[in-house]
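Structure first, then comments.
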Amino acid sequence: MTDNGKLSYIDTGKGNETLLFIHGFCGSHEYWSDIIAELKDEYRVIAVDLRGHGASEEIGESFSIEDMAADIASLLDELEIAKVCMFGHSLGGYITLAFAERFPGKLSGFSLVHSTALPDDETGKAGRLKSVEKIKSEGIPAFIDGLIPKLFSNPEDSNIEQTKEIGYKTSESGAIGSLHAMRNRIDRNHVLKDTKLPVLLVAGEEDKLIPVEKTFSVKGSHIHEVILKGSGHMGMLEAPSRLLEEIIRFVEKN
């Protein structure tokens, strides 16, 4: 349980280090299934379903990225876990940055996977509102059918149908609330720049949603950059072996 409701999660594996994975918009912990299967023999691995996503409860349409970060902090407190290495995909990356800003002592390091510290520009903000209207007028299934193929570099990728099935589980209020939260998020380049923690930034070479330059918005000796060749916005499904390799390298190095 979190302060604001029930947050569903998986907790598996064993090891001295705990890794926590946060999925992207209209996803669930299932995005990380292949990665987790390879990590659980060496690490304790936690993967959450964000509010209104997967099996987690709906908590209305009015919440912020900061609220979602606080959900994660509450979960860690309940599990009595002092520190994790956090990996956030897309929306999960925005939450990871907010978490790193507010709860740096709970992290051993963090990673943005197909995400950015930049806020939405005006075009992006308008697009969020358009998505809200589409969900309200056509429903989640129609919205998901239009969204998911855009996440992959290959529109015929065999993972698309499974990813749609995951997306259909998102509640309308969870999706709309998340769209508003993403639209209202602040610039957090200062978090990347000023953090004392090691950072892994992962970008997809062919990501149409968050291009490489938006992921690599800050440089620093504490920041390691990785480009997944041939991948769009879904590296955990499009290039799982390479992403796994980089995750292990990052965790072992730090």
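The values are calculated or read from the model by the stated rules, or taken from the named source; none is laboratory data. All of these numbers come straight from a predicted model, not from anything done at the bench. Using ideal geometry, Cβ is built from the backbone for each residue, glycine included, and neighbour counts are taken over all protein chains shown. The accessibility values were calculated without ligands, DNA or RNA, using every heavy atom of the protein model including side chains. Shrake-Rupley method; radii C 1.70, N 1.55, O 1.52, S 1.80 Å.
Couple of notes before you dig in:
- Magnitude of the charge dipole, the chain, Cβ model with Lys/Arg +1 and Asp/Glu -1, debye to 20: 600
- A 1.4 Å probe run over the protein chains yields, for the chain, 42 Å² of accessible area per residue, whole-number rounding.
- Estimated FRET transfer efficiency when R0 is 22 angstrom, pair residue 252-residue 34 (beta carbons, to 0.05): 0.65
- Accessible surface of the range 1-72 [probe 1.4 Å, protein heavy atoms]: carbon and sulfur percent: 39
- Computed [θ] at 222 nm, helices only, for the chain once each DSSP H run of length n ≥ 4 contributes -39500 (n - 2.57): -12500 deg cm²/dmol
- Of the DSSP H helices in the chain, those whose Cα atoms cover at least 15 Å axially and whose Kyte score averages 0.0 or more: 65-78, 91-102
- Backbone amide hydrogens, once placed in the peptide plane, bring residue 9 within less than 5 Å of 49, excluding anything fewer than 5 places away on its chain.
- Segment residue 137-residue 213, extension gain: residue separation times 0.36 nm, minus the distance between their alpha carbons: 24.0 nm
- With every protein chain in place, the range 160-254: carbon and sulfur % of accessible area (1.4 Å): 50
- Relative contact order, percent, the chain [alpha-carbon distance under 8 Å, six or more residues apart]: 22
- Beta bridge orientation in the range 101-254: antiparallel %, DSSP, nearest 5: 0
- For the pair the range 120-160 and the range 21-94, the centres of their Cα atoms are 21 angstrom apart.
- Over the Cα atoms of the chain, the radius of gyration divided by the Kirkwood radius equals 0.93; this is the Rg/Rh ratio.
- Exposure ranking of 246, 57, 156 by accessible area [1.4 Å probe, largest first]: 156, 57, 246
- Of the residues 222, 210, 232, the one whose Cα sits farthest towards the positive end of the charge dipole of the range 202-254 is 222 (charges of +1 on Lys and Arg Cβ, -1 on Asp and Glu Cβ, taken about the Cα centre).
- Filter on 14/193; 130/196; 6/214; 40/164; 40/136 - keep pairs with C-alpha separation over 29 Å: 14/193; 130/196; 6/214; 40/136
- Amide H contacts under 5 Å for residue 107, placed H, 5+ residues apart: 84
- Karplus-derived 3J(HN,Hα) values for the range 190-206, using 6.51 cos²θ - 1.76 cosθ + 1.60 with θ = phi - 60°, are 5, 5, 4, 5, 9, 4, 8, 8, x, 10, 10, 10, 10, 10, x, 4, 10 Hz; glycine and proline are entered as x.
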